[in-house]
Amino acid sequence: MITQPVATNVITGFLGVGKTTLIKYLLANKPANQVWAVLVNEFGEVGIDASFIGKQSGKVQIKEVAGGCICCAAGVPIQVAVNQLLAQAKPDRLLIEPTGLGHPKAIIDTLSQPHYQQVIALKSTICLVDARKVSDNRYRESDIFKQQLAVADLILVTKGDLAADEDLAQLHTFLAQQSISAPVQAINLTREQESQTPALFNRLAGQVLDCDRESVGAQSPTKAPVNSPDSSPSLFSVSPLSPLSSISVPSMPPTIVFDELGIYRNDNQHEGIYSAGWVFDCHYEFDFEAIVAWVKRQDCLRLKALLICDEGIATLNYVDQQLQVVELDDALDSRIELISRQPITISATEQQLLSLAKRDIV
């Protein structure tokens, strides 16, 4: 039984901009007595992103929806996932991270429907942006990119240490051309800088922790002028809450079924973007150095992997020709996902992966 609407934030932005890193930081600094839930949607066909968030305490519940489907107009997948999370976790706050290739307006419209008003208290939508990308016409002409910015109540510029002054100027010019007036703040989400949290990021974290502060925004916060640091809305403002009835929990799709080789594979394509994903059962062990070399040779929009390797268990995150590797304690299987602007040759890619692994069955 849920007794009050759950404060909910949508965190959007294009592929590789740092959405998951921001969520990890927010979870690490949330009020200790609160339960938070995270709904992660991936464009790909196998779930990996929850592993990137990593293990959390019992005060955090994470749910994954693969296939990029929670942004569809019908909104059925997101309703199923949200209903399950709210009923099972009974959270104080819900963070939703849609795929970087999805239309976030569909999610916001779904959560704004009358039947959700007593369940969801929709708060600020946050859009993360890599300012270096704004000069790329593929971004400037992308309806998805423009919609992510348009629905934002706050725009966070990530990787600011890598952006030149002209990149930031182009961003502000582009926002003005699109008549987008959401406030813009710069943050640094690189792992090296997290322990040296910039003053701005401290202020954002303070808004997360201070849940008793006076609400600055309501369901649709007033948007301040661009680049006005003193007038940005509360990231996680809390409105008065009212009782509501319990919600139903529909069933979810079946679990992954391996073939005789211990492999599950799936692929998809949407709006000119292709994805292919594999899950290898726990008997596969990848050669770490060989898989890293293979990843760096890939010409793709994004590559994510959770792999059992000869040197341990690791997550690999490859975007913009930059590879980040993080070690994990355990994994039930190995997963890898490719997202590309070009069709992916499934069989050839799978054979390449198999050449980098051995399978031991006792």
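The values are calculated or read from the model by the stated rules, or taken from the named source; none is laboratory data. Here the structure is a predicted model, which means the values were calculated and not measured. Heads up, the Cβs are rebuilt from the backbone with ideal geometry, glycines too, and the neighbour counts pull from every protein chain shown. With ligands, DNA and RNA removed, areas are computed over all heavy atoms of the protein, side chains included. Shrake-Rupley method; radii C 1.70, N 1.55, O 1.52, S 1.80 Å.
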For the range 319-334, give me each residue that is over 21 Å from the mean Cα position of the chain (by Cα), of a type outside the set (A, V, I, L, M, F, W, C) and closer than 22 Å to Tyr264 by Cα.
Asp330, Asp333
Which listed residue is of a type in the set (Gly, Ala, Ser), within 26 Å of the chain's Cα centre (by Cα) and either within 22 Å of Gly102 (Cα to Cα) or open to solvent by 50 Å² or more (accessible area, probe 1.4 Å) (or both), from Ser347, Ser275, Ser355:
Ser275
If you check Ile361 against the conditions, is it among the β-branched types (Val, Ile, Thr), in a loop (DSSP other than H, G, I, E, B) and open to solvent by 20 Å² or more (accessible area, probe 1.4 Å)?
yes
With the range 3-83 as the region, which strands (runs of 3 or more DSSP E) entirely inside it contain at least 2 residues that are at pLDDT below 80 and closer than 18 Å to Glu337 by Cβ?
60-65
Which numbered condition Glu337 fails, given (1) more than 15 Å from Arg265 (Cα to Cα); (2) among the acidic types (Asp, Glu); (3) within 19 Å of the chain's Cα centre (by Cα):
(1)
Would you mention how many residues in the range 278-301 are closer than 19 Å to Ile339 by Cβ and open to solvent by 30 Å² or more (accessible area, probe 1.4 Å)?
5
Please list, ordered by first then second residue, the pairs with beta carbon atoms under 7 Å, 6 or more apart or interchain, first in the range 272-288 and without any contact (Cβ under 8 Å) to a residue 24 or more places away in the chain, second among the hydroxyl-bearing types (Ser, Thr, Tyr).
none
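Residues that are part of a strand (DSSP E or B), open to solvent by 30 Å² or more (accessible area, probe 1.4 Å), under 22 Å from Lys19 (Cα atoms) and in contact with a helix residue (DSSP H, G or I) (Cβ under 8 Å, 6 or more places away or on another chain): does the range 326-334 have at least one?
yes
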For the range 158-169, indicate whether the set of residues that are in contact with a Ser or Thr (Cβ under 6 Å, 6 or more places away or on another chain) and in contact (Cβ under 8 Å) with a residue 60 or more places away in the chain is non-empty.
no
Looking at the range 314-335, is at least one residue at pLDDT below 90, hydrophobic (A, V, I, L, M, F, W, C), within 26 Å of Gly102 (Cα to Cα) and touching a Cys at 6+ places or on another chain (Cβ under 9 Å)?
yes
The number of residues in the range 312-323 that are touching a strand residue (DSSP E or B) at 6+ places or on another chain (Cβ under 9 Å) and outside any strand (DSSP E or B) is 1
